[in-house]
Amino acid sequence: MSRGPRKQPKYRQIADALRAAIDAGEYRPGDRLPGENPLAAKYGVAAMTARQALNALKNERLVESRKGAGFFVRSFTPIRSRRVTRLSRERWRAGQSVFEADDNRALTTDSQVLGDVIPPAAIARVLQLPEGEMAFARSRRHIVEGRPVLLSTSYLPRDLVAGTAITQADTGAGGIYARLTEQGAEPVHFREEVAIRMPSADDSAGLNLPSDTPVIKICRTAFTADGHAVEVNEMTLDSAAYVLEYDFDA
């Protein structure tokens, strides 16, 4: 005997209704949401259930709580990451960064680590590195408006980038891809794999996330015209801080 779709818990229904109201502009950034008692009365549930709904939105980083004042819609505007436009070669040839295609807010990079590493086996295979051979890695954390939004580690063939600005904290105008182009290894094709997962302990610590808030995992590989991979970039994004936009012709 077939069963119908499982009904969501009441607190989740309330949370979804509040999310829809926020998406529709009924509650704007900085607005206070109804408290647990008004929500309980509106939906005919216990106050604890209403609080569960508010806390669910808080864990998703859509709202924030202020002691003694209630729950408020977060004022952080999600970054609209234009995944195709941002990788246009015209951008790095003009000295623009990848992030500038996404957002015009100031970006801070901290916790930057540079150095030779043994890459994960899967990445070594993509970069066609012999077993045990080092790659050069660039790890960094991106912060916007005081909020950590992205963890990123790029792996590149060490022999290709040794002695270039890619091994420095400041890679110069146009970033990594402009420097690769100068080395005769211009990226002309990219592949991105996207997955949604719950955060690891390192993800939660790096992005200041609750353990039950999902993250977006993106693995991007950059290829030259002859099909050689010259960079693998593993990224972890705060799912509440990003909207991923893919704009392409049919």
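The values are calculated or read from the model by the stated rules, or taken from the named source; none is laboratory data. The structure displayed is predicted, hence computed values, not measured ones. Heads up, the Cβs are rebuilt from the backbone with ideal geometry, glycines too, and the neighbour counts pull from every protein chain shown. Just the protein is used for accessible areas: all its heavy atoms, side chains included, with ligands, DNA and RNA removed. Shrake-Rupley method; radii C 1.70, N 1.55, O 1.52, S 1.80 Å.
Laid out as a table, the results:
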{"quantity": "Subset of region 106-120 [within 24 Å of Ser81 (Cβ to Cβ) and open to solvent by less than 50 Å² (accessible area, probe 1.4 Å)]", "calculated": "Asp110"}
{"quantity": "Enumeration of residues in region 121-132 that are open to solvent by 60 Å² or more (accessible area, probe 1.4 Å) and without any contact (Cβ under 8 Å) to a residue 60 or more places away in the chain", "calculated": "Ala121, Arg125, Pro130, Glu131"}
{"quantity": "Qualifying positions in region 192-213 - surrounded by fewer than 16 Cβ atoms within 10 Å (Cβ to Cβ), touching a strand residue (DSSP E or B) at 6+ places or on another chain (Cβ under 7 Å) and without any contact (Cβ under 8 Å) to a residue 60 or more places away in the chain", "calculated": "Glu193, Val194, Ala195, Ile196, Arg197"}
{"quantity": "Some residue of region 171-187 being open to solvent by 70 Å² or more (accessible area, probe 1.4 Å), in contact (Cβ under 8 Å) with a residue 40 or more places away in the chain and of a type in the set (A, V, I, L, M, F, W, C)", "calculated": "no"}
{"quantity": "Residue count, region 50-66 (criterion: open to solvent by 30 Å² or more (accessible area, probe 1.4 Å) and over 15 Å from Gly30 (Cα atoms))", "calculated": "5"}
{"quantity": "Sole residue being in contact with a helix residue (DSSP H, G or I) (Cβ under 9 Å, 6 or more places away or on another chain) and aromatic (Phe, Trp, Tyr), chosen from Phe99, Phe72", "calculated": "Phe99"}
{"quantity": "Residue within region 232-246 that is surrounded by fewer than 19 Cβ atoms within 10 Å (Cβ to Cβ) and more than 22 Å from Phe99 (Cβ to Cβ) present", "calculated": "no"}
{"quantity": "Residue within region 219-227 that is in a strand (DSSP E or B), under 20 Å from Glu90 (Cβ atoms), open to solvent by less than 20 Å² (accessible area, probe 1.4 Å) and small (Gly, Ala, Ser) present", "calculated": "yes"}
{"quantity": "Every pair of residues 6+ apart whose Cβ atoms lie under 9 Å, when the first sits in region 92-108 and is farther than 14 Å from Leu150 by Cβ and modelled with pLDDT of 85 or more while the second is outside any helix (DSSP H, G or I) and among the hydroxyl-bearing types (Ser, Thr, Tyr)", "calculated": "none"}
{"quantity": "Single unsatisfied condition, Pro148 versus (1) modelled with pLDDT of 95 or more; (2) buried (at least 16 other Cβ atoms within 10 Å of the Cβ)", "calculated": "(1)"}
{"quantity": "Pair list, Cβ under 8 Å, 6 or more apart: region 33-44 residue farther than 12 Å from Leu57 by Cβ and in contact (Cβ under 8 Å) with a residue 12 or more places away in the chain, other residue not in a helix (DSSP H, G or I) and not small (Gly, Ala, Ser)", "calculated": "Gly35/Phe71"}
{"quantity": "Hey, Val161 under 30 Å from Thr77 (Cα atoms), buried (at least 19 other Cβ atoms within 10 Å of the Cβ), of a type in the set (A, V, I, L, M, F, W, C) and free of Cβ contacts under 8 Å to residues at least 40 places away in the same chain or not", "calculated": "no"}
